[in-house]
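The values are calculated or read from the model by the stated rules, or taken from the named source; none is laboratory data. Treat the numbers as computed from the prediction; the structure is a model and nothing was measured. Glycine also receives a Cβ, built like all others from the backbone with ideal geometry; neighbour counts cover every protein chain displayed. What goes into the accessible areas is simple: the full protein's heavy atoms, side chains included, and nothing from ligands, DNA or RNA. Shrake-Rupley method; radii C 1.70, N 1.55, O 1.52, S 1.80 Å.
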Amino acid sequence: MAEDKLNTHSQLYSEIVDNYAQFRQKVAELNVSTTKCKDSITRYKAAMNGFQASNEEIRKTIESRGEKIEEMTNYLPKQNNLLLTLFVGDFNVVLPRKEDKIRYKLQYEKFKLWYIIGQLVFSSLNILCGPCRIVEGFLQFYLVWFYCNLTMKESILVANGSRIRMWWLVQHYLDIILYGFLLIRPDGDFSLQFSLYIFYMSGCQVLQFYYQVRGRSFRLISVNSTNLLSG
């Protein structure tokens, strides 16, 4: 019995070693293929730089090829923006499969929902408590933390092909600065107005979530749209 178990153990161990060796080989091949693909795209863009189409058919062909190449680049490693570089360095955040990109997009939307609900709770407490400087300070710290995380997640989405506009990211950078300033300011006279504003904005964001996830995103998934990450 012991000898049979040892033989089984040895066979399984050999299988693991072989599979791991194949895995490392595939990873090495993937790295080589990735480098070749990026080099080819760089050479193509350099060759097409300044190219002027002689007729409408050629122009449409070039535009179609350019769109396909842009879609390809969404699956290749790229340089991180400043925020991601500060948080994760040069670590590659590009997800390799379309299913992973869709899953991350939906997780991003759910992240917003849960923490927007948190904003509703803390702003409601601050309104009901009179307002209270401790609750208000916690709400402001919560907002700084939330928008830091949100902006980083949106930067990852952009790296994966999302069409989030720059003005949207800039707005969140400004939110971080604003709420950080409010967090360290002395006691003011507009605490109640601030809490009412956060409560109102949180309600609007909940409605936006249901539009994004329950409506638009699911419709795009159902038609297998490549523009799922656009919002």
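Rounded to two decimals, the Cα radius of gyration of region 70-139 over 2.2 N^0.38 Å is 1.68. Solvent exposure of region 120-204 amounts to 55 Å² per residue of accessible area, where only protein heavy atoms count and the probe is 1.4 Å. If R0 is taken as 35 Å, the Cβ-Cβ distance between Ala21 and Ile102 corresponds to a FRET efficiency of 0.65.
The portion of the accessible surface of the chain made up by carbon and sulfur, rounded to a whole percent, is 62 (1.4 Å probe; DNA, RNA and ligands excluded).
Divided by 2.2 N^0.38 Å, where N counts the residues, the Cα radius of gyration of region 18-82 comes to 1.54.
Run the simple label-point estimate for Ala53 and Phe141 please: 7 Å along Cα→C-beta, distance reported in nm. Rounded to a tenth, the inter-label distance reads 5.7 nm.
Taking a sphere under 13 Å around the Cβ of Asn74 and counting the other residues whose Cβ falls inside, with K and R at +1 and D and E at -1, yields a net charge of +4.
Here the extension length gained between Arg43 and Val170 equals 42.5 nm, from 0.36 nm per residue of separation less the Cα-Cα distance.
Coordinate range of the alpha-carbon atoms in the chain per principal axis, descending: 79, 68, 36 Å. Absence of a disulfide-compatible partner, taken as no other cysteine beta carbon within less than 4.7 angstrom, is noted in the chain for Cys37, Cys148, Cys204.
Free of any chymotrypsin sites (Phe, Trp or Tyr not before Pro) that DSSP assigns to a loop and that have at most 12 other C-beta atoms within 10 Å, the longest stretch within the chain is 92-189.
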